[in-house]
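The values are calculated or read from the model by the stated rules, or taken from the named source; none is laboratory data. All values reported here derive from a predicted model rather than from experimental measurement. Cβ coordinates were reconstructed from backbone atoms using ideal geometry, including for glycine residues, and neighbour counts include every protein chain displayed. For accessibility, only protein heavy atoms count, side chains too; no ligands or nucleic acids. Shrake-Rupley method; radii C 1.70, N 1.55, O 1.52, S 1.80 Å.
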Amino acid sequence: MLDLRAEYEYMKADIDSAIARCLEHQKWILGPEVAELESQVAKYVGVEHCIGASSGTEALVLALRALAIQRKGEEYFDRSDLIITTPFTFTATGDAILRAGATPLFVDVDPTTYNIDPVLIRSCLEFGSHNPSPIAPRLKIVGIIPVHLYGRACEMDHILGVAQQNGLFVVEDVAQAFGGTFEGRKLGSLGNAGAFSFFPSKNLGGFGDAGMVSTNDDELAHIVRMLIKHGGKDKYNVDHIGYNARMDTIQAAILLAKLKYIDDFNYRRIRIASLYSEGLKDVTDITLPLQAGPAKDGEGSGHVFHQYTVRVNAGKRDLLQRQLKSKGIDSMVYYPVPLHKMKVFQGRYALAGVPETAESSATEVLSLPIEPLMRKDQYERVIDAIVELASNRRLSGHEGKGDG
Ligand SMILES: *Cc1c(COP(=O)(O)O)cnc(C)c1O
């Protein structure tokens, strides 16, 4: 799906000299590049603090653990503490909740954006005789993790509103949406904390694992800083159950070199997305993603198209994927199994109604190749292949009858 080499070639001089500087100074653990990246990302996102972490997954765990310490005065949440999130996300979102000691409460997604449905979040929290509570009395909802899936902002106004009314924390999972905005504000600056991933395939990616926690909360930042290095200000005399979860200096150096390209690269993604949507608009059986641009006017949800994901109707998704494959075009399914169907979550989650949209989306979504340096001939080949397959009516053929 992704040609990481092309990106490297494009910014080779910057990256090579960044790595060369590390080789010179040899400060591999919390070297100067880590602090520099933290401060540049904090400025970019518009928050007081950013703390480098060893991965996006660890960033989520660190943010949640810090909230347990800050809000509960305990090292971990309890199993009776529920954290609302989407079942239609990467495993790590739900897994981080388990690792922080809490229980995920999976709430269904919106069929047009694939993001968590704020109306359903509200109905989990506002109940009475007409709307019985979906959760047992001994359980307590403590927070929300909205995931800006595929690079599209969640409806943060509604989510923050319901959180504030109910005293809940919000941790944004920004792993797929670096540079994305909601009503003109950068994602990762809206909740109590944000968790970023710099996994190589993300829209800002390093040369290995790395992540970051963003927050405006001084105390939370202080706790996260302790947790990344074993749990104390002094690693030889610690206060909390910590981790070894620092960001490597060399990843920070590479990310600093790539950071200056991020706005241009996100803009290129948005442009390719609109060309895809233009080229595919007449194809029946395919629903295109909602085309929200960079939200220049400061209104609504921005979308940075980490993925360009279409919905393929009624059992034809796998057929389309195979047919594209036979033409040498890779596509991906994010995500084939909703979290509540995974073994790891059995007996460890709560539901507020069956998440039917997440379940149907898992069988219908298909992400097409998208990357900032994709050439015209490359995305046109994808468009032409899909248009041709659809016009041959082969897409309306039946699964397993001679195709593939
Ligand atoms: C990639 C991703 C993560 C985890 O990030 P890593 O850096 O791979 O640990 C978490 N949540 C979502 C939605 C992701 O896409």
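Overall, the chain carries a charge dipole of about 620 debye about its Cα centre when +1 sits on the Cβ of Lys and Arg and -1 on the Cβ of Asp and Glu, all other atoms neutral.
Using a simple spin-label model with pseudo-atoms 7 Å out from Cα toward Cβ, Met1 and Ala136 lie 3.8 nm apart.
When all protein chains stay in place and ligands, DNA and RNA are ignored, the 1.4 Å accessible-area order of Met1, Met226, largest first, is Met1, Met226.
Residue separation of Asn166 and Asp264 scaled by 0.36 nm, minus their Cα-Cα distance, works out to 31.4 nm of gained length.
Heavy-atom accessible area, probed at 1.4 angstrom with all protein chains present, ranks Glu356, Glu172 as Glu356, Glu172, highest first.
When all protein chains stay in place and ligands, DNA and RNA are ignored, the 1.4 Å accessible-area order of Asp209, Asp157, largest first, is Asp209, Asp157.
The figure for Phe345 is an accessible area of roughly 0 square angstrom, using a 1.4 Å probe on the protein chains alone. Relative contact order for the chain: 22 percent, from Cα pairs under 8 Å spaced at least 6 residues apart, divided by residue count.
Couplings 3J(HN,Hα) for the stretch 261-276, derived from phi with the Karplus relation 6.51 cos²θ - 1.76 cosθ + 1.60 (θ = phi - 60°), are 9, 5, 5, 4, 5, 5, 4, 4, 4, 4, 5, 5, 4, 6, 5, 4 Hz, where x marks Gly and Pro.
Carbon-plus-sulfur accessible fraction, the chain (probe radius 1.4 Å, protein heavy atoms only): 50%. Each residue, Asp16 and Glu278, gets one label point 7 Å from its Cα in the Cβ direction; the gap between the two is 3.6 nm. Solvent-accessible area per residue in the chain equals 42 Å², computed with a 1.4 angstrom probe and all protein chains kept. Taking every protein chain into account, the 1.4 Å probe leaves Tyr349 with about 70 Å² of accessible area, to the nearest ten. Each label point was placed 7 Å from the Cα along the Cα-to-Cβ direction; for Tyr76 and Arg322 their separation is 4.4 nm.
At an R0 of 22 angstrom, the distance between the Cβ atoms of Lys43 and Arg348 translates into a FRET efficiency of 0.05.
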